[in-house]
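Data block below; observations after.
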Amino acid sequence: QVQLVESGGGLVQPGGSLRLSCAASGNIFSIYTMGWYRQAPGAQRELVAAITSSGGTNYTDSVKGRFAISRDNAKKTVYLQMDSLKPEDTAVYYCNKVPRNRWPWGQGTQVTVSS
């Protein structure tokens with residue numbers, strides 16, 4: 001059973017930066033496309049960034065040019081560098097496989113952008 005543990009969230013002012021990490025258990029992490037999802041209060045969970053096993057990346061329009069996803073397959077870890085943060089980026093951030101299929105969600109990490 002895979003387990004995902006997200007970390008790195010916090011409270012940051014608009015324009016600030018955060019770096020999220022997601023550590024995965026399991027032996028075949030490296031073959032999967034991984035992504036960062038977020039869920040704001042009262043909204044559906046959305047995929048904001050994805051990275052393929054070979055390092056190709058894709059982003060939703062609202063974060064293009066501000067967020068960067070990366071991975072370290074040896075460490076079974078996915079990262080999300082978030083710069084120029086906006087209040088609308090406030091959400092709980094989760095990582096998971098893309099598509100998720102039956103992988104469980106981790107506990108997520110709260111990101112709050114506020115002055």
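Results for (1) within 17 Å of residue 109 (Cβ to Cβ); (2) touching a Phe, Trp or Tyr at 6+ places or on another chain (Cβ under 6 Å); (3) aliphatic (A, V, I, L, M), shown as yes or no for each residue.
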residue: 34; (1), (2), (3): yes, no, yes
residue: 40; (1), (2), (3): yes, no, yes
residue: 46; (1), (2), (3): yes, no, no
residue: 52; (1), (2), (3): no, no, no
residue: 56; (1), (2), (3): no, no, no
residue: 63; (1), (2), (3): yes, no, yes
residue: 77; (1), (2), (3): yes, no, no
residue: 81; (1), (2), (3): yes, no, no
**Request:** Sort out for me the strands (runs of 3 or more DSSP E) sitting completely within the stretch 17-115 that have 2 or more residues that are modelled with pLDDT of 95 or more and open to solvent by less than 20 Å² (accessible area, probe 1.4 Å).
**Result:** 18-24, 34-39, 46-51, 67-72, 77-82, 91-97, 109-113
**Message:** What are the pairs with Cβ atoms under 9 angstrom where one residue, in the stretch 70-90, is without any contact (Cβ under 8 Å) to a residue 24 or more places away in the chain and the other, located anywhere, is surrounded by 18 or more Cβ atoms within 10 Å (Cβ to Cβ)? Sequence gap at least six, or different chains.
**Reply:** 70/51; 70/78; 70/79; 70/80; 72/78; 72/79
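The values are calculated or read from the model by the stated rules, or taken from the named source; none is laboratory data. Please read all numbers here as calculations on a predicted model, not as lab measurements. A quick note on method: Cβ atoms are made from the backbone with ideal geometry, for glycine too, and the neighbour counts reach across all protein chains shown. To get the accessible areas, we keep the full protein, side chains included, count just its heavy atoms, and leave off ligands, DNA and RNA. Shrake-Rupley method; radii C 1.70, N 1.55, O 1.52, S 1.80 Å.
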